[in-house]
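> Following this message is one structure expressed as structure tokens.
What follows draws every value from the coordinates through simple rules; no lab data is involved. Predicted model only: the values in this text are computed from it and were never measured. Glycine gets a Cβ as well: all are built from the backbone with ideal geometry, and neighbour counts include every protein chain shown.
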Amino acid sequence: MNGQTPAQKSAASGALVVRAETLTIQTNDRVELTDITDRLRDVVQASRVRDGIVSLWSLHTTCAVFINEAQRALHADIKRLLETMVDRDADWMHNDPQHSDCDLVNADSHLRAMLLGHSLTLQVSGAEPVLGQWQRVLVAELDGPRSRTLRIQIMGIS
Amino acid sequence: MNGQTPAQKSAASGALVVRAETLTIQTNDRVELTDITDRLRDVVQASRVRDGIVSLWSLHTTCAVFINEAQRALHADIKRLLETMVDRDADWMHNDPQHSDCDLVNADSHLRAMLLGHSLTLQVSGAEPVLGQWQRVLVAELDGPRSRTLRIQIMGIS
Amino acid sequence: MNGQTPAQKSAASGALVVRAETLTIQTNDRVELTDITDRLRDVVQASRVRDGIVSLWSLHTTCAVFINEAQRALHADIKRLLETMVDRDADWMHNDPQHSDCDLVNADSHLRAMLLGHSLTLQVSGAEPVLGQWQRVLVAELDGPRSRTLRIQIMGIS
């Protein structure tokens, strides 16, 4: 639906199909945004579900998914906002060995992911995820570099 | 379900129906909240899907949807919080012609929408979206005035 | 799926089943996080929906649901971040009898819930909600103590 106007009305009915698979991405920085729109579209098209929904779920507490534009300048602004809203160096209890059994010193990663969210549920129409002209599906690595797994489930009418 | 207690338990089965249409709203201010609960309810009722879900998707990067109460005073507070959390006048890279091909000077709009989110997936029961007594479905225009399009998809058993 | 690797690929089809019920929790503090993962898993298992989705919806404007780790230290950090981002004592209009008919003085609760979100839509696989190893489903009471109701709807193939 990139650049196209969505159909004004549509209707379909039939048996329910549910398909799922995982997508793995390797990140290179501590905080990094990855555009997975094309990979998500490929998975939806391969599922042959024509009308329905696609759920995208990050299987990690410190890795988020969200919608925004793909632009290098804006992505720098997003990282800066996350740094301003959640200070990495504040004395978070999660980073304090006296209170926490986690030695990753990543309280900021948990808190930033909480603000962005760990999942998206998109509409599927014509075997494609429905997105506005400038909308892209972005993964936010917040405690990389790591290998991250996203579960994609498509559910609808084939 | 406004003001009513949701049924404690329910169950239904049948063929899957998927219906979709778009809703267009015209906004008048740069930052503006619009209550579309009644229009969403009308679309759900007209779909004749009795049990299932309804996805509401903003097709724009700088227009968000979220749940809260409809009250003028609270909506003023929401706008004030967004202004405090994301300063319109900071030197965002997205607003800098040296780094960005976008001349809308709307980095704040992108960042505020990211915090609110671009979609909602509501439950449908008895051909109505399930909402708590004080919950309303709100659209946040963050870079108006503009014409905005939301895609509504209802999926379930009719 | 706690601690397990999700199946790489899966597919199923059949008639759609939609089941719903409500979950009530009693909170004890003004701001309190409750881990409901086990209760959600029980409801999903009892529904006998094998593949599909489960929607979790807070029926309150000042009660949110979100994903994160269950750790006492991190939960203290989450509360602290919410307090920093949304100052309870600012002169919010929602708390001002001149502008608001609400006498709960809970503008901060509305604003904090807006940032966390009122719903989650999780995938269901093998009659279990799909979650990463460290992910837990958390309810954020933001204006307690109160009795809170969440609606859980499971939709898929049994």
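> How many Cβ atoms of partner chains, on average, are near each residue of C:135-146 if near means within 10 Å of its Cβ?
Average per residue, whole number: 1.
> Stretch C:SER10-C:HIS99 to full length: gain in nm at 0.36 nm per residue minus the Cα-Cα span?
Stretched out fully, the C:SER10 to C:HIS99 stretch lengthens by 26.6 nm.
> Then there is this: For B:SER158, put the label point 7 Å out on the Cα→Cβ axis and report which residues of the range B:7-30 keep their amide N under 19 Å from it.
Of the residues in the range B:7-30, B:12-22 have backbone N under 19 Å from the label point off B:SER158.
> Going 7 Å from Cα along the Cα-Cβ axis for the label, what nanometre distances separate B:GLY126 from the same residue across the other copies?
Its label point is 3.8, 3.8 nm from the equivalent points in the other copies.
> Let me check I've understood the local charge: for B:LYS79, count other residues with C-beta under 13 angstrom from its C-beta, Lys and Arg +1, Asp and Glu -1. What total comes out?
Here the count lands on -1.
> Write down the Kirkwood hydrodynamic radius of the range A:93-158, to one decimal in angstroms, obtained as one divided by the mean of 1/r over all alpha carbon pairs.
That comes to 15.1 Å for the range A:93-158.
> Okay, next question. Quick one: Cα centre-to-centre distance for the range C:38-96 and the range B:40-92, in angstrom?
Here the two parts' Cα centres lie 18 Å apart.
> Using only the alpha carbons, work out the radius of gyration and Dmax of the protein assembly as shown in angstrom.
Final numbers for Rg and Dmax: 20.7, 58 Å.
> Taking the Cβ-Cβ separation of A:ASP91 and C:ALA70 as r and a Förster radius of 22 Å, what is the calculated FRET efficiency to the nearest 0.05?
0.55
> Treating each Cα of the range A:4-134 as an identical point scatterer and ignoring solvent, apply the Debye formula and state log10 I(q)/I(0) at q = 0.14 Å⁻¹.
Taking Cα atoms of the range A:4-134 as identical point scatterers yields -0.77.
> If we sort A:89-97, C:132-140 on the protection proxy, mean other Cβ atoms within 10 Å, highest first, what's the order?
Final packing ranking: C:132-140, A:89-97.
> Normalized C-alpha radius of gyration of the range C:27-98, against 2.2 N^0.38 Å?
That works out to 1.48 for the range C:27-98.
> Run lengths n ≥ 4 of DSSP H only: what is the helix-derived mean residue ellipticity at 222 nm for chain B, with -39500 (n - 2.57) per run over all residues, to the nearest 500?
Counting only the DSSP helices, I get -7000 deg cm²/dmol.
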